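The values are calculated or read from the model by the stated rules, or taken from the named source; none is laboratory data. Just so you know, these numbers come straight off a predicted model, no measurement behind them. Cβ placement follows ideal geometry from the backbone for every residue including glycine, while neighbour counts extend to all protein chains displayed. Side chains included, ligands, DNA and RNA excluded: accessible areas come from the protein's heavy atoms. Shrake-Rupley method; radii C 1.70, N 1.55, O 1.52, S 1.80 Å.
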Amino acid sequence: MTDSTQTFEFQAEARQLLDLMVHSVYSNKDIFLRELISNSSDALDRLRFEGVSKPELLPESELRILIEVDKEKRILTVRDNGIGMSRDEVVTLIGTIAKSGTKEFLAAMKQLKEEAVPPELIGQFGVGFYSSFMVADKVVLETRRAGEEGGTRWTSEGQNTYTLEDVSLPECGAAVTLHLKPADAEDGLQDYTEEWVIRDLVKRYSDFVAYPIQMEIERTEVERDEEGNPKDGAEPTTVRRLETLNSMKALWLRDKDEVSADEFNEFYKHIAHDWNDPLHCMMAKIEGTLEYRLLLYVPSKAPFDLFMRDGQHGVHLYVKRVFIMDDCKVLLPEYLRFVRGVVDSEDLSLNISREMLQQNRQIQRMRKGITSKVLEELKKLKNNETETYHTFWSEFGAVVKEGLFQDPDNREALLEVALFDSTASEDESTTFAAYADRMREEQDAIYYMTGESREAVEQSPHIEAFKDRGYEVLILTDRVDEVWTQAVTEYNGKPLLSVGKGAVELGSKEEKEKAEAERREQQQVHASLLECLKTKLDEYVKEVRLSNRLTRSPACLVTEEGDLSPQLEQMLRAANQPVPKVKRILEVNPDHPVLDTLHALYDANPDAPELGDYAQLLYGQAVLAENGELPHPAAYGRLVADLMVKAAKK
């Protein structure tokens, strides 16, 4: 060690992660080479992009990935002359595993309580570099950032510590050296120093990488005549030469029929750093005013950072096959951020920057076209591959629904692909179109209810009258449902109405007129009592009225049209947003015995103190019926206890 060598302890989470890797969390250990090559390809992409504006950063030699083998010492090195890393970047990105979602990965592991980790978890949490420890007892990373003089060596044996050392390196880039485990260390562990093994893995997993993946090959050759036969007396000689192991042909430039499903899947894993196969692949060449190609994928699992503000987007932008940038957010709207893949333009400038992208009219037209293509593909998937689409919706539906308020131009297309749970079926989701086809003849609106869970909605008193009449109610339990339902007010001319908001009128025209007349009559009979209850509950409600949505429960709370719902209030508070105090409407069931009891008490003594207690009990029951929080739980508990005592004495 030199004086610059420093030893550091891994974080507790990092030690656990490395322990999982050392003890073989994944059955297919061959994947480690794909991960290292993919990292090198990314580093070369980044250097080529920076080299557009800073050509002095580019090396004199061609950009390439080099695989080196020392069979005697059982050492395998994957080397590139890409962008490299500074010492600080090594500490941030490698040493502390701060960027790898380690805590989330381990939390998921604890939930599984299994020794073997499903491959989708490894892909979700981005721990690909550490897969090296599945095949190596020791890993050494040497790297130098382009434009800097000094280099850094990171070394770890996958235990409690790692070391950092300042070193002198001849060029920028990175070299990951694996001190391989003995070939017989584990059943099924291949000898990764064998040429045929490396050739096979590169061809299988990384053939499409855009840079040459090279390895020095040793051959014994003998001089031959024109017919190919060895010349008499010619002595065999040993020849060493670099051979390129991959074809380097970009998949998106090939005809779809020429590419196998395995090739599409492996390219997805390379570009998305996912160990799972994609759920769906879409490929297209767009021609016209603008010409560009796209190869896009829908993952089979939602990434762990899908709802994080700084989560990665997955679309890489190329111009004339030259990498420009990854995580190109402007190519797709926010609600399609889960899409992974490549877009390659023939028309953009190679000098385009992230800042210029925001204002570029060509990019805006491309974004519109790509978005339409993705939505068109999702519609095909919904119509033709129902099971696959339901898998997609369970993973990404909550994200797609963000588009219903973010993207009015594509709202109609989004409404066509949206799925919803419904009271019509416990097992199958439905669409707006299917709901509309099932509507009763006298029904003139599409009804929905938001809530924390399906169970909470189905047990809500708000849907009692709808159930009794056989009206279907859409069950919306994603947080985003509270937002998009404020923006979407109708579907194909049929209004969307919340069963928990405003007044409800059900039935045919004649039934509605009859019910309205009866309600006016009942309202007059109970007007004084209702005003009394409103006075007692003035702190919490703006009105007490009779209900025509309740058939069994005594009361419920209703939000007035235009007011914030309780769920939306909760969301805003969780986001530390100011929330105005909203009073709701208390609806009382006119056919419930509790109303007759209250009216009898009121008629006997309009100033009876018990009226205040009963008003609080009625309000509390309505709050609890929707899984709300009581304003004064202890006081409510005492009222219930007192009522029980009085009932027992009677």
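State yes or no: is Arg224 of a type in the set (Lys, Arg) and under 30 Å from Ser132 (Cβ atoms)?
Working: of a type in the set (Lys, Arg): yes; under 30 Å from Ser132 (Cβ atoms): no.
For Arg224, the condition - of a type in the set (Lys, Arg) and under 30 Å from Ser132 (Cβ atoms) - is not met.
Being aliphatic (A, V, I, L, M), open to solvent by less than 40 Å² (accessible area, probe 1.4 Å), in contact (Cβ under 8 Å) with a residue 40 or more places away in the chain and in a helix (DSSP H, G or I), is that true of even one residue in region 326-339?
Of region 326-339, the ones aliphatic (A, V, I, L, M) are 330-332, 336, 339.
Keeping just the survivors that are open to solvent by less than 40 Å² (accessible area, probe 1.4 Å) gives 330-332, 336, 339.
Now restrict to residues that are in contact (Cβ under 8 Å) with a residue 40 or more places away in the chain: 332, 336, 339.
Add one more test, that the residue is in a helix (DSSP H, G or I), and what stays is 336.
Yes, there is a match, as at least one residue in region 326-339 is aliphatic (A, V, I, L, M), open to solvent by less than 40 Å² (accessible area, probe 1.4 Å), in contact (Cβ under 8 Å) with a residue 40 or more places away in the chain and in a helix (DSSP H, G or I).
Does region 239-250 include one or more residues that are without any contact (Cβ under 8 Å) to a residue 60 or more places away in the chain, open to solvent by 70 Å² or more (accessible area, probe 1.4 Å), more than 23 Å from Gln214 (Cα to Cα) and not in a helix (DSSP H, G or I)? No, because not a single residue in region 239-250 is without any contact (Cβ under 8 Å) to a residue 60 or more places away in the chain, open to solvent by 70 Å² or more (accessible area, probe 1.4 Å), more than 23 Å from Gln214 (Cα to Cα) and not in a helix (DSSP H, G or I).
Could you tell me whether Gln524 is assigned to a helix (DSSP H, G or I) and either at pLDDT 95 or above or closer than 21 Å to Thr423 by Cα (or both)? Talk me through it step by step, then tell me what you get.
Values: assigned to a helix (DSSP H, G or I): yes; either at pLDDT 95 or above or closer than 21 Å to Thr423 by Cα (or both): no.
No, not satisfied.
Collect the residues in region 399-422 that are within 18 Å of Gly451 (Cα to Cα) and either of a type in the set (S, T, N, Q) or free of Cβ contacts under 8 Å to residues at least 12 places away in the same chain (or both), keeping them in residue-number order. Matches in region 399-422: Ser422 only. Can you find a residue that is over 27 Å from Glu387 (Cα atoms), in a loop (DSSP other than H, G, I, E, B), open to solvent by less than 30 Å² (accessible area, probe 1.4 Å) and in contact (Cβ under 8 Å) with a residue 12 or more places away in the chain anywhere in region 288-301? Taking every residue of region 288-301 in turn, at least one turns out to be over 27 Å from Glu387 (Cα atoms), in a loop (DSSP other than H, G, I, E, B), open to solvent by less than 30 Å² (accessible area, probe 1.4 Å) and in contact (Cβ under 8 Å) with a residue 12 or more places away in the chain.
Before we move on, is Glu511 closer than 22 Å to Pro631 by Cβ and either open to solvent by 60 Å² or more (accessible area, probe 1.4 Å) or not hydroxyl-bearing (Ser, Thr, Tyr) (or both)? Steps first, please.
On the way: closer than 22 Å to Pro631 by Cβ: no; either open to solvent by 60 Å² or more (accessible area, probe 1.4 Å) or not hydroxyl-bearing (Ser, Thr, Tyr) (or both): yes.
Taking the combined requirement at face value, the residue does not satisfy it.
Listed conditions (1) closer than 30 Å to Gln6 by Cα; (2) open to solvent by 30 Å² or more (accessible area, probe 1.4 Å); (3) out of contact with any Ser or Thr (no Cβ under 9 Å at 6 or more places or on another chain); (4) modelled with pLDDT of 85 or more are all met by Asp166, apart from (3). Listed by first and then second residue, the pairs linking a residue in region 48-64 that is in a loop (DSSP other than H, G, I, E, B) to a residue that is polar (S, T, N, Q) and open to solvent by less than 60 Å² (accessible area, probe 1.4 Å), with Cβ atoms under 6 Å apart and 6 or more places separating them unless they lie on different chains, are Pro59/Asn81; Arg64/Gln214.
Would you call Leu357 crowded, with 19+ Cβ neighbours inside 10 Å, touching a strand residue (DSSP E or B) at 6+ places or on another chain (Cβ under 7 Å) and modelled with pLDDT under 95? In short, no. Does region 543-564 contain any residue that is open to solvent by 70 Å² or more (accessible area, probe 1.4 Å) and touching a Ser or Thr at 6+ places or on another chain (Cβ under 8 Å)? No: region 543-564 contains no residue that is open to solvent by 70 Å² or more (accessible area, probe 1.4 Å) and touching a Ser or Thr at 6+ places or on another chain (Cβ under 8 Å).
Go over the candidates Leu375, Leu357 one by one and state the one that is among the aliphatic types (A, V, I, L, M) and in contact with a Cys (Cβ under 8 Å, 6 or more places away or on another chain). First the steps, then the outcome.
On the way: Leu375 fails: in contact with a Cys (Cβ under 8 Å, 6 or more places away or on another chain).
Exactly one of Leu375, Leu357 is among the aliphatic types (A, V, I, L, M) and in contact with a Cys (Cβ under 8 Å, 6 or more places away or on another chain), namely Leu357.
Taking region 468-508 only, how many residues are on the phi < 0 side of the Ramachandran plot, open to solvent by less than 80 Å² (accessible area, probe 1.4 Å) and of a type in the set (Gly, Ala, Ser)? Residues flagged as on the phi < 0 side of the Ramachandran plot, open to solvent by less than 80 Å² (accessible area, probe 1.4 Å) and of a type in the set (Gly, Ala, Ser) within region 468-508 amount to 4.
Answer with yes or no whether Asp45 is at pLDDT 55 or above, surrounded by fewer than 18 Cβ atoms within 10 Å (Cβ to Cβ) and within 25 Å of Arg204 (Cβ to Cβ).
Numbers: at pLDDT 55 or above: yes; surrounded by fewer than 18 Cβ atoms within 10 Å (Cβ to Cβ): no; within 25 Å of Arg204 (Cβ to Cβ): yes.
So Asp45 fails the test.
The set of residues from region 254-265 being within 24 Å of the chain's Cα centre (by Cα) and either closer than 12 Å to Met283 by Cα or open to solvent by less than 20 Å² (accessible area, probe 1.4 Å) (or both) comprises just one member, Phe264.
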